[in-house]
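The values are calculated or read from the model by the stated rules, or taken from the named source; none is laboratory data. Please read all numbers here as calculations on a predicted model, not as lab measurements. So basically every Cβ, Gly included, is an ideal-geometry build from the backbone, and we count neighbours across all protein chains shown.
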Amino acid sequence: MGGLLLLHAPRLGSVAATRLGLSDLLAGTATPQVMIGDQWFTVIGILHSITLNPDIDRAALIGWNAARTLLHFDGHATVIYLQAQEDYIEAVRAVLPATVDPQHPSDVQVTAPSDALAAKRATQTSFWRCSSAWPRWPCCSEASESPTPW
């Protein structure tokens with residue numbers, strides 16, 4: 001049951017957390033809750049700022065099943081974000097459309113990680129914005145762990 005509960009526990013982007021007056025989640029302190037839609041969620045993590053995509057900084061990220069069951073998400077994502085090691089960017093880019101939508105790979109638009117590359121690898125990974133599919137949202141700083149870079 002514990003794993004199921006974690007799917008319903010959001011991680012907040014850094015800007016979202018700041019706007020809500022949250023700067024850190026400390027073990028042994030009260031865990032903050034946020035209302036998303038008409039549901040209360042217990043926050044389990046705050047992401048470090050992601051300069052490559054400010055949309056994530058302003059988001060509350062929840063699990064796929066929680067979005068479907070609690071927030072009436074229809075199961076059709078319109079945007080996903082993918083993180084890849086720089087050495088694998090072109091290989092991943094080549095298979096991404098067929099991976100995202102095997103029946104209609106030509107319907108998937110993949111943007112180049114040009115801002116990340118132009119910034120000369122401010123991080124060791126680069127991001128794409130990709131329309132359609134299933135997202136995975138890693139968390140950088142959780143209540144029980146030390147912050148680590150994304």
Inside segment 32-47, the number of residues satisfying the requirement of being in contact with a helix residue (DSSP H, G or I) (Cβ under 6 Å, 6 or more places away or on another chain) and either surrounded by fewer than 18 Cβ atoms within 10 Å (Cβ to Cβ) or in the same structural domain as TYR81 (by TED's automatic domain parsing) (or both) is 2
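Yes or no, residue by residue, for (1) part of a loop (DSSP other than H, G, I, E, B); (2) more than 30 Å from ASP107 (Cα to Cα); (3) free of Cβ contacts under 8 Å to residues at least 24 places away in the same chain:
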site	(1), (2), (3)
LEU25	yes, yes, no
THR29	yes, yes, yes
ILE56	no, no, no
ARG68	no, no, yes
TYR81	no, no, no
ALA84	no, no, no
Please tell me if GLY63 is modelled with pLDDT under 90 and touching a helix residue (DSSP H, G or I) at 6+ places or on another chain (Cβ under 9 Å).
yes
If you check THR148 against the conditions, is it at pLDDT 55 or above and either of a type outside the set (A, V, I, L, M, F, W, C) or not assigned by TED's automatic domain parsing to the domain that holds ALA30 (or both)?
no
Return yes or no: is ALA84 modelled with pLDDT of 90 or more and more than 30 Å from TRP40 (Cβ to Cβ)?
-> no
